[in-house]
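Below is one structure, written out as structure tokens; comments come after it.
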Amino acid sequence: MDADSGYDAVRRFVVENQSVRGQWVHLGAAWRELCANGEYPPAVRALLGEAVAASVLLAATLKFQGRLTLQLNGEGAVRLMVAQCTHQFRVRAIAHHDPALAATIPGELARGEGLRMLTGGGGRFTVTVEADEHNLRYQGIVPLAGASLAESLEAYFNASEQLPTRVRLAGDAGRCAGLLVQKLPGTDRIQSSSAWPAAQRAVARLGSVALLDQPAESLLGGLLPAHDVRLFHASPVAFECRCGEGRVTSLLRALGPQEVRSILAEQGAVTVTCEFCGRPYRFDADAVDALFTHPGTGEAPALIH
């Protein structure tokens, strides 16, 4: 393996002369920035971290330009959870949950308990890929299967691509991480391959602490010590929401000066909060005046965040 570990990154790896490939992802600062404006109970935050890691792993398996959306629909404390990752590994995510119900769920749960308790034991798992080229759109839907989000992801690969896949995901207040290992297609005839059974056993016993704490080199070296793993250079992963001052000012201008100034008079300021990332955009009286005094300049007024 090379020595370029890199957190806030996704890395591809292959097992030399074997039928195994995979992806590893670890987010620290990007994950904390993503959650900066969201107030999530520990259990919800952990599951959202798993979803973000899963979206990056899924995007890393594809060759496309566009964005991938992973969506969970549940029947418990979490009704909707969405994580998006672009082909450039820019991520954003949100979870709609019942605060009172979610607060009753412990933050530290055994593997799989979080998904069952948060989603109510039902629901579905949807992956949507929107490719810019030719405006292509693909969607795959599977039930939330097994005891964890990782098992649901495995079921998705089995149903959509018929690829034997093993996944581990983890998330906490400051980090999220994931590991995806697959058997290469068309390799059933390779009798000498021992890496795939070894990889399956290793992923099954991999704990969340090790996944969150260890860099890719030591993690993969410990999981497959008898095999030569080639670990490729890291691709950076960053938080990025598509909201912005330009979009917000366009929205307010579309509402019109009368509507916006009535909100200003009632509340003392106009605040627009991005539904996806939770970032607030606050317009005071001067900013509102500038918004409609020079609407054609294309420049956003000074805002107070």
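The values are calculated or read from the model by the stated rules, or taken from the named source; none is laboratory data. Because the structure is a prediction, the values reported are computed rather than measured. All Cβ positions, glycine included, derive from the backbone under ideal geometry; neighbour counts span all protein chains shown.
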**Request:** Return yes when residue 153 is touching a helix residue (DSSP H, G or I) at 6+ places or on another chain (Cβ under 7 Å), surrounded by 20 or more Cβ atoms within 10 Å (Cβ to Cβ) and assigned by TED's automatic domain parsing to the domain that holds residue 183 and no when it is not.
**Result:** yes
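Within segment 186-204, which residues are at pLDDT 90 or above and surrounded by 10 or more Cβ atoms within 10 Å (Cβ to Cβ)? Before you say what the answer is, go through the steps one by one.
If we filter segment 186-204 for residues that are at pLDDT 90 or above, which is where we start, we get 196-204.
Across segment 186-204, the qualifying residues are 196, 197, 198, 199, 200, 201, 202, 203.
List the helices (runs of 4 or more DSSP H) inside segment 197-285, counting only whole elements, that have at least 2 residues being touching a residue at least 60 places away in the same chain (Cβ under 8 Å). Walk me through it before giving the result.
Working: elements: 208-213, 216-223, 245-255, 257-267.
In segment 197-285, the matching helices (runs of 4 or more DSSP H) lie at 208-213, 216-223.
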In segment 27-50, residues that are closer than 12 Å to residue 172 by Cα, not in a loop (DSSP other than H, G, I, E, B) and not acidic (Asp, Glu) total 11
Contact list, first residue from segment 26-49 and under 22 Å from residue 214 (Cα atoms) and touching a residue at least 12 places away in the same chain (Cβ under 8 Å), second anywhere and in a helix (DSSP H, G or I) and among the β-branched types (Val, Ile, Thr), beta-carbon distance below 9 Å, six or more apart or interchain, is 27/52; 27/56; 30/52; 31/52; 34/52; 47/119
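Please specify each residue of segment 25-61 satisfying the condition of being of a type in the set (S, T, N, Q) and either at pLDDT 95 or above or not assigned by TED's automatic domain parsing to the domain that holds residue 149 (or both).
Of the residues in segment 25-61, the ones of a type in the set (S, T, N, Q) are 37, 55, 61.
55 - this is the single residue of segment 25-61 that is of a type in the set (S, T, N, Q) and either at pLDDT 95 or above or not assigned by TED's automatic domain parsing to the domain that holds residue 149 (or both).
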The lone condition residue 64 fails out of (1) touching a strand residue (DSSP E or B) at 6+ places or on another chain (Cβ under 9 Å); (2) modelled with pLDDT under 95; (3) within 22 Å of residue 208 (Cα to Cα); (4) surrounded by fewer than 19 Cβ atoms within 10 Å (Cβ to Cβ) is (3)
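Considering segment 167-185 alone, what residues qualify as being modelled with pLDDT of 90 or more and either hydrophobic (A, V, I, L, M, F, W, C) or in a loop (DSSP other than H, G, I, E, B) (or both)?
Our first condition is that a residue be modelled with pLDDT of 90 or more; within segment 167-185, this holds for 167-183.
167, 169, 170, 172, 173, 174, 175, 176, 177, 179, 180, 181, listed by residue number.
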Filter result for residue 119 (out of contact with any Lys or Arg (no Cβ under 8 Å at 6 or more places or on another chain), more than 23 Å from residue 208 (Cβ to Cβ), at pLDDT 85 or above and not aliphatic (A, V, I, L, M)):
no
